[in-house]
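This report concerns only the one structure given below.
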Amino acid sequence: MVELQPSAQLAEVVGGKALPRTKVISLIWDYVKKQGLQDTKDKRLINLDDKLKAVYGSKKQIHMTEVSQAFKHLS
């Protein structure tokens, strides 16, 4: 798989080294679980903290299907 460099915003969550897209998604999910960011009532929603807001915009929550939008922060 092609390894891509994360932006500074995404690097705050997944680290600064180049990674394949599949690993980026895995690391984002690890971060969400470690920080307890899944909504308690609807596990399909992720409550964004400041680091994830820098990646996904100023939204309060995203749906789990939106996690892949982080790819726009890879080059």
Considering the stretch 34-52 alone, what residues qualify as being more than 13 Å from residue 62 (Cα to Cα) and surrounded by 11 or more Cβ atoms within 10 Å (Cβ to Cβ)? 35, 51
Within the stretch 1-10, which residues are within 13 Å of the chain's Cα centre (by Cα) and either exposed (fewer than 14 other Cβ atoms within 10 Å of the Cβ) or over 16 Å from residue 53 (Cα atoms) (or both)? 8
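Any residue at all in the stretch 28-46 that's at positive phi and either over 9 Å from the mean Cα position of the chain (by Cα) or of a type in the set (Phe, Trp, Tyr) (or both)?
Checked against the condition, which is being at positive phi and either over 9 Å from the mean Cα position of the chain (by Cα) or of a type in the set (Phe, Trp, Tyr) (or both), the stretch 28-46 yields at least one hit.
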Considering only residues of the stretch 55-75 that are under 10 Å from the mean Cα position of the chain (by Cα) and of a type in the set (Gly, Ala, Ser), which is surrounded by the fewest Cβ atoms within 10 Å (Cβ to Cβ)? 68
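The numbers here are math on the coordinates, done by the rules we state, and not lab data. Worth saying up front: this structure is predicted, and the values here are computed from it rather than measured. When we count neighbours, we look across all protein chains shown, and the Cβ atoms used for this are built from the backbone with ideal geometry, even at glycine.
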